[in-house]
Each structure stands twice: as C-alpha cells, then as structure tokens.
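Structure first, commentary second.
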Amino acid sequence: MQSLRVALGERTYPIHVGAGILGDSALFAPYLHGRRAAIVTNAVVAPLYLQRLRTTLAACGASAIEITLEDGEQAKRWDTLDAITRAMLEAGCDRRSVVIALGGGVVGDLAGFAAAIYQRGIAYIQVPTTLLAQVDSSVGGKTGINHALGKNMIGAFHQPLAVIADVGTLRSLPARELRAGLAEVIKHALVLDATFFDWIEAHLEGLLGGDAQALTHAVLRSCELKAQVVAADEREAGLRAILNFGHTFGHAIEAGVGYGNWLHGEAVAAGMVMATELSARTGVLKAPAVARVRALLVRAGLPIEGPVLSPERYLGLMRVDKKAAAGRIRFVILEAIGRAALRDDLDPAAVRAVIADCSRVSAAAQ
C-alpha cells in the first residue's frame, strides 16, 4: 500500500492506494470506532464487495446500515438523494455517524452530497471501486447530483475523512468501464504532466490488460496531481478549473444524449478531442500534439467523435456549465501536452466549427 495526503489544513486527509486494502480494518478504525456507519453502494457493487466491507467494519467495532441504489448515471437525481437521507433518518443516524461511499463516481457523488447536507453536514469516507472514481471523482470533495439542464449542477464541496482505493476491485470492472476511467488518467497527464503522458503511451497495453502494478502507478500519479491542484484551489476559484479539460464539451454530450447513454469517461474523451482541436485552431497547440492525443485515445478504445447534436445545442448546454461566467463559456485549452489554460475569449465561429467537425457519431453508437 502507498499513501499520500490532500493538504487542506484542518481538512487534510489521506489517500491510501493498494491491493486488498478494503479488508484492512486499521485504515478504517481511526474514523469509525464505536460510531454508526451508513454504507451507500449500488446493486452492482454490493454483491461483490459489501460483505468484505461489513467484515472490516465489524473488526472496527462499528455498526452499520446499508443503502443500495440503482446503478448508473441516471441515479444522480433528487429522489435518490431523498432515499439516502430518508434511510439514515429512519435508522437514527446522528451527527457522529459516518457515511461510507462504496462504489464508483455516481455512488461517491451521491453519498458525499448526502453527507454534506445531512443534519447540516456529517463525515464520510470514499471507498472507490472503479478506475474513474479512484483517479478523479473520489478526490477533491466535489459532490452532487445532475439536473436536466446540466451535469453536477446541484451539489456542495465536502471533503472526505479519507479515500481508500483498493485497486483489486478493478479486476471486476467491465472493459468499457476501465477504458472510461483511463480517459480521466489521460486528462490528468494532458493538463499537468507531460512525462506522465509519455508513461501512459508506453504502458497503455498493461493498463488495458489490468496489470496491477501499472494501474497502481496510474491511480497514485493521478491522485498526486489532483491533490496538488485541490490543495492550491479547493473550491475551483482558478487553477482547479483546468482539471475540467474536455468536460465542458463532455458534460454537454452527457446531457444532450441523456444521462447514462454515454459513460462519463467516453464523453470526456470526445470532449478532449474537441478541446484539443480548438486549442490547435486558436494557434496555441501544434499539430503533432493533436495527433498524439487522438492516437492515444484511439488505442485506448475511447471515442474521438461526439454524438450528432447541432452546434447550437452544444452551446446551449455549455452556457449552463459551472465554468461559465456572466454568460461567457470558459474553455480549458492545451498550450502543450502537460500545460493547460482557461480561456473565455475564443472565437465562437471556431467553437462551432470544431463541434461540427468532431460530432459524427450517433448516440446509439456508444
């Protein structure tokens, strides 16, 4: 096991990464001894890992209730959030109780948001079981649900007590989910670390094949990079926005075709191609870098074209993106592999042209 910390003063917390650590009661005990836990999971993850977590919590002397949700992005809605908080109220959870998110990004976002608002805020622990959640959504304290007009538009910043990422759980991931998680790994490299991008290019086959050593390195390095950014800009006032590279387009894709039809990582991959092309057309990114991005995403089995939606539909959805300011869409663009910037002065005609040129896949193709 290897560990690092997200340095946020009194809200500093550890990230533990390793194989088999879901069964390590010593990692959970400091937060749970003698306390009530509310485990939030879903119908896919529960049969695989819930019993193991039960055993771990019992060894910590913690009692627990279990809340099992439906699987998929479509679960991130008001009535699911209500079901979580209702179950906690009915079970008598109090302010000393701890929510445990056992699952992927959807579970983590929902459980974290429930913890943020339950009795004005209680503690929670992230136990991510997908690659996407381990490298991205479990770190940084973003929680929330979707709205029909935009992804993650209702939520709160609420940091966990700890992130416990057992890479052994990745063995049960379907290939499509693994590829979707790799999109976020690639994103971190593109905006923050050119050397890491080189490493991904060299080790992609191992990552796709589930090599534990390669996956552990990818998770650790992604968490290190994100932790540095979160420590510098916890609430996305500036620097942290670069972590949304590909997401302005990607969130529009998810909302435009209906949540759950494209996996988040698939939408981000297509969005990264759009953002990369936009970077090139504004004259800040050289053609060889664009080609490398496209080639890596193709090798990873990720889409490089978005669904067929009109440019105006994309733009309408992007105007309600959280990075928009005073009605102006702000884009994260690449200046080079490993270096990104936030811009709100791009030519609308160039944006429309990129959308048109990079949107040739029907929603049913994914």
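None of the figures in this text is laboratory data; all of them are computed from the coordinates on show. This one's a predicted model, so the numbers in the text were calculated from it and none came from an experiment. Cβ atoms come from the backbone with ideal geometry, glycine included; neighbour counts cover every protein chain shown.
Per-structure values
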| item | result |
| --- | --- |
| Segment 175-365: radius of gyration over Cα atoms, expressed as a fraction of 2.2 N^0.38 Å | 0.96 |
| Estimated FRET transfer efficiency (residue 91, residue 202; beta-carbon r; R0 35 Å; 0.05) | 0.10 |
| Dipole magnitude (debye, nearest 20) for segment 220-366, charges at Cβ of Lys, Arg, Asp, Glu | 200 |
| Lysine pairs in the chain with Cα atoms under 23 Å, if 8 or more residues apart or on separate chains | 19 |
| Fully extended contour minus Cα-Cα distance, from residue 315 to residue 232, at 0.36 nm per residue | 26.9 nm |
| Residue (of 237, 288, 132) at the positive-pole extreme of the chain, dipole from beta-carbon charges | 237 |
| Length added when fully stretched, residue 74-residue 357, from 0.36 nm per residue minus Cα-Cα | 99.0 nm |
| For the chain, projected area of the alpha-carbon convex hull averaged over all directions, nm² | 16.2 |
| Net +/- balance of residues flanking residue 111 in space, Cβ distance below 13 Å, scoring K and R +1, D and E -1 | 0 |
| At most 16 other Cβ within 10 Å, DSSP loop - trypsin sites (Lys or Arg not before Pro), segment 242-346 | 286, 319 |
| Note, ³J(HN,Hα) from phi for segment 78-85, Karplus 6.51, -1.76, 1.60, rounded to Hz, x at Gly and Pro | 4, 5, 5, 4, 4, 5, 5, 5 |
| Radius 14 Å from Cβ of residue 179, net charge of other residues (Lys, Arg +1; Asp, Glu -1) | -1 |
| Assigned charges on the beta-carbon of Lys, Arg, Asp, Glu; segment 221-276 dipole about Cα centre (debye) | 80 |
| Estimated inter-spin distance, residue 172 and residue 328, nm [label 7 Å along Cα→Cβ] | 4.8 |
| Rough spin-label spacing in nm, given labels placed 7 Å along Cα→Cβ, for residue 154 and residue 51 | 3.7 |
| Local electrostatic count at residue 259 - Lys and Arg +1, Asp and Glu -1, tallied over other residues with Cβ under 13 Å | -3 |
| Where N is the number of residues in segment 2-172, Cα Rg divided by 2.2 N^0.38 Å | 0.93 |
| Net charge dipole size for the chain [Lys, Arg +1 and Asp, Glu -1 on Cβ; Debye, nearest 20] | 440 |
| Hz values of 3J(HN,Hα) by residue in segment 166-179 - Karplus curve (6.51, -1.76, 1.60), Gly and Pro given as x | 8, 5, x, 5, 5, 5, 8, 6, x, 4, 5, 5, 4, 4 |
| Estimated distance in nm for a label pair at residue 284 and residue 117, the labels positioned 7 Å out from Cα along Cα-to-Cβ | 3.5 |
